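Input: a single structure, listed below in structure tokens.
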Amino acid sequence: MFLTISTTGTTEKPATDLGFLLHKHPGRAQAFTTSHGTAHVFYPEASAERCTAALLLEVDPVALVRRGREKGRGGAPDAALAQYVNDRPYAASSLLAVALGGVFRSALNGRCTARPELPGRPLALRIEIPALPARGGAALVRRLFEPLGWDRVDVEPVVLDEKFPQWGDSRYVRLVLDGGQRLDDALRQLYVLLPVLDDSKHYWVAPDEVDKLLRAGDGWLAGHPEHALITARYLARDKRLTRDAMERLELARLAEVDGSEPEEVDNAVDESRDTEERPVPLAVRRREAILAALRSAGAARVLDLGCGQGQLVQALLKDVTFTEIVGVDVSTHALAVAARRLRLERMGERQSSRVRLFQGSLAYTDKRLVGYDAAVLSEVIEHLDLPRLPALEYAVFGAARPRTVLVTTPNVEYNVRWETLPAGHVRHRDHRFEWTREEFRTWARRVADRYGYAVAYVPVGEDDPEVGPPTQMAVFTATGEPATTQTTETTTTPKEGEAA
Ligand code: SAH
């Protein structure tokens, strides 16, 4: 089993940088023991102009059979000979992909500590695989590689025996890929597509194969026209795993179409701050604070305004005290992701009668929002341009008028504590503003006075003595003044000043 990776270069950018990327020195031949035999890495050529790395996997057929037996798949007795006499040691099958994933793991993950700038650069790459088993033939090989941005995908069927051309082609092809690609992208494609073309996965398909597939397929698989075939074959046609993978790919695709929002800084795990072994992400703490505030307000029918991808809706559904949960967002993509997250289509009737998602803009009054106990605006106001904010205030506090309104927003003072956030940057590129505690309170007081609410403040996350908490939450409770719409039933002790 053999494959070569070549690149070209110049004196300034020598081709031998390939050695850094692969973490294998061009001047040495190295051997690695893998579960199926020995993998050799060597460089048939290594100059500034041209450098070729070769991966040769020498499969131990006996070990292969033994491993198969240990796993209880020794095969029928009459297949005994086929266990030893087969193509596995020679053709670039899934075993080569396994070796590739092991021997070139850092390169595949785009890591290069010695030269961190290298992995991000596209190289003039040429990858050659002289004997690639191609179940589905040359046409399928083209269908798999052509959409991946190579300049040339050459696929030549290998004749069965040159002395007997009348026997026709074998089931192998010679594959040459040529083009400007990042090495990690190219390796991740091979890692997935070699076993797909081999289509006789030799190893047990464990549930974590889905994770491996999605990691290796990151950035190219979700949008690939053959992603269904790739997924099914890679997972050895295991229906449940394939469905799981397809769903997750769909989510990835939606996120890409959506403009691929980078995760908000404070939704990520901030390892720099917390000392516990597994710090609780701020997004989780925020949801917990919101749930606690809703419970203590005695809310049963709840609006999640700007629900995004539905994480809070999902958390609300788990608590039966919330009898009606409505997620509203302006983004249809976010709503589609939320619907999948919640598995709305497969939800039982009782559960699905509790939840609804619809599209709407909070900058306009909307009759559908009237009559709820509580509304949550979690990390939403900062996504509106300041001049649009009064429209939202009116739509929520003036027109929809739930008894309780929870508003969370970043506390900009805390940003100096995020080690991953460059000075002066907001936490997410779509944030139109981020407020200090004082700015938020000034806004909240003004809204409360204007629309007849009382307001209290709750810190979310660690309340830093100097800069305050990472998230600030305001809890608004209607005091009944411009009560223009129907009042809702109270399930707990009425709050101070509540409408009679
Ligand atoms: N509430 C979620 C998502 C916050 S991101 C959470 O806490 O994680 C902000 C969300 O507000 C996005 O999903 C965005 O689509 C939505 N949004 C922004 N402007 C909006 C508007 N005018 N009307 C409705 N939703 C809006």
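The values are calculated or read from the model by the stated rules, or taken from the named source; none is laboratory data. What you see is a predicted model; the values in this text were computed from it and never measured. Counting neighbours? That spans all protein chains shown, and the Cβs are built from the backbone with ideal geometry, glycine included. When the accessible area is computed, the model is the full protein with side chains, heavy atoms only, and any ligands, DNA or RNA have been set aside. Shrake-Rupley method; radii C 1.70, N 1.55, O 1.52, S 1.80 Å.
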Original post:
When only residues in the stretch 111-134 that are of a type in the set (Gly, Ala, Ser) and more than 23 Å from the chain's Cα centre (by Cα) count, which is most open to solvent (accessible area, probe 1.4 Å)?
Top reply: ALA114
**OP:** Would you check which residues across the stretch 408-424 are closer than 19 Å to ARG446 by Cβ, surrounded by fewer than 24 Cβ atoms within 10 Å (Cβ to Cβ) and out of contact with any Asp or Glu (no Cβ under 7 Å at 6 or more places or on another chain) and list them?
**Re:** none
Subject >> Close pairs (7 angstrom Cβ cut-off, 6 or more residues apart or separate chains): over 16 Å from PRO410 (Cα atoms) in the stretch 449-467, in a loop (DSSP other than H, G, I, E, B) anywhere >> reply: TYR451/PRO482; GLY452/THR479; GLY452/GLY480; GLY452/GLU481; GLY452/PRO482; TYR453/THR479; ALA454/THR479; ALA454/GLY497
Original post:
Of GLU498, GLU481, GLU489, which residue is exposed (fewer than 15 other Cβ atoms within 10 Å of the Cβ), modelled with pLDDT under 95 and in contact with a Gly (Cβ under 7 Å, 6 or more places away or on another chain)?
Top reply: GLU481
Original post:
Which number in (1) within 15 Å of the ligand (Cβ to nearest atom); (2) open to solvent by less than 10 Å² (accessible area, probe 1.4 Å); (3) not aliphatic (A, V, I, L, M) marks the one condition that HIS383 misses?
Top reply: (2)
Original post:
Within the stretch 1-23, which residues are in contact with a strand residue (DSSP E or B) (Cβ under 6 Å, 6 or more places away or on another chain) and touching a residue at least 60 places away in the same chain (Cβ under 8 Å)?
Top reply: MET1, PHE2, LEU3, THR4, ILE5, SER6, THR7, THR8, LEU18, LEU22
Subject >> Pair list, Cβ < 6 Å and 6+ apart or interchain, from the stretch 294-321 residues that are under 18 Å from VAL284 (Cβ atoms) to residues that are away from the ligand (no atom under 11 Å from the Cβ) and open to solvent by 60 Å² or more (accessible area, probe 1.4 Å) >> reply: GLY310/ARG341
**OP:** Check ALA336, ALA293 and return the single one that is aliphatic (A, V, I, L, M), within 13 Å of the ligand (Cβ to nearest atom) and either at pLDDT below 95 or assigned to a helix (DSSP H, G or I) (or both).
**Re:** ALA336
Original post:
For the stretch 225-253, how many residues are of a type in the set (Ser, Thr, Tyr) and touching a residue at least 12 places away in the same chain (Cβ under 8 Å)?
Top reply: 2
